[in-house]
Amino acid sequence: MSDVLAKHNALMERIIRDYGALITSTVNKILGGGPGIDDIIAEVHFAVFTTLRRLGEGWAPPRAFVSTIVQNKVNDLVWQHYWDSDDLAALKKQQAEQICRKEGVMAQIHTLTQSEFKIFRLLGFGLSNQEIAETLFISPLTVRTHVKRIHAKCDIVGRAKLALAAYQTCHHEAPEGRGLDAGAASTDLDGFVRTDLAAQQAS
């Protein structure tokens, strides 16, 4: 396992272990469950992950700091829209669209080549093109080309949205609150994706 993958995997596991319950309870408290709740929880997890990743390793944030990130992200996703429009139906429609977008990505997984799928998984760690290139021992130009094709196949515009989709489909299992699956502890790249998706892509 490369150092980059090991560090990112460790950070994801720490977030799930230390802050998973906080994230889930905060989102559930505001939304009270309903369709799309798991995807919103995954998006908040990803926001915490990307924030802590930018701050660098070797620093253990206080719980209050992470709680602030969670509250801000939930506000961005939910309350800002709710208070601006006072339209709960529009909020539910937004959640339904997010579910459809995720299902669309799942449906397109099998169209990715093996090389594209490896890059797709690494996008879920928030890695840059340079970091992906160093991890897979390929050129940044090759990564850039693959990323463009992944955007087209998954019909997703924007790096952040693509990274979130990769995180949701490859690394996050919100329903049971487990976050990463048991395969994430593997010592090779295949350990960084849920088994069902790996089998689907290989078929």
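Tabulated values for the structure
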item: Pair list, Cβ under 6 Å, 6 or more apart: the stretch 19-30 residue over 15 Å from Asn75 (Cα atoms), other residue in a helix (DSSP H, G or I) and not hydroxyl-bearing (Ser, Thr, Tyr); result: Tyr19/Val66
item: Leu127 modelled with pLDDT of 90 or more, part of a loop (DSSP other than H, G, I, E, B), surrounded by 14 or more Cβ atoms within 10 Å (Cβ to Cβ) and of a type in the set (A, V, I, L, M, F, W, C); result: yes
item: Helices (runs of 4 or more DSSP H) fully within the stretch 9-117 counting 1 or more residues that are at pLDDT below 70, more than 16 Å from Thr169 (Cα to Cα) and not aliphatic (A, V, I, L, M); result: 80-85, 88-108
item: Among (1) under 20 Å from the mean Cα position of the chain (by Cα); (2) at pLDDT 85 or above; (3) not charged (D, E, K, R) - the single one Leu141 does not satisfy; result: (1)
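The values are calculated or read from the model by the stated rules, or taken from the named source; none is laboratory data. Predicted model, so just to flag it, every value in this text is computed and none were measured. No Cβ is skipped: glycine too gets one built from the backbone with ideal geometry, and neighbour counts run over all protein chains shown.
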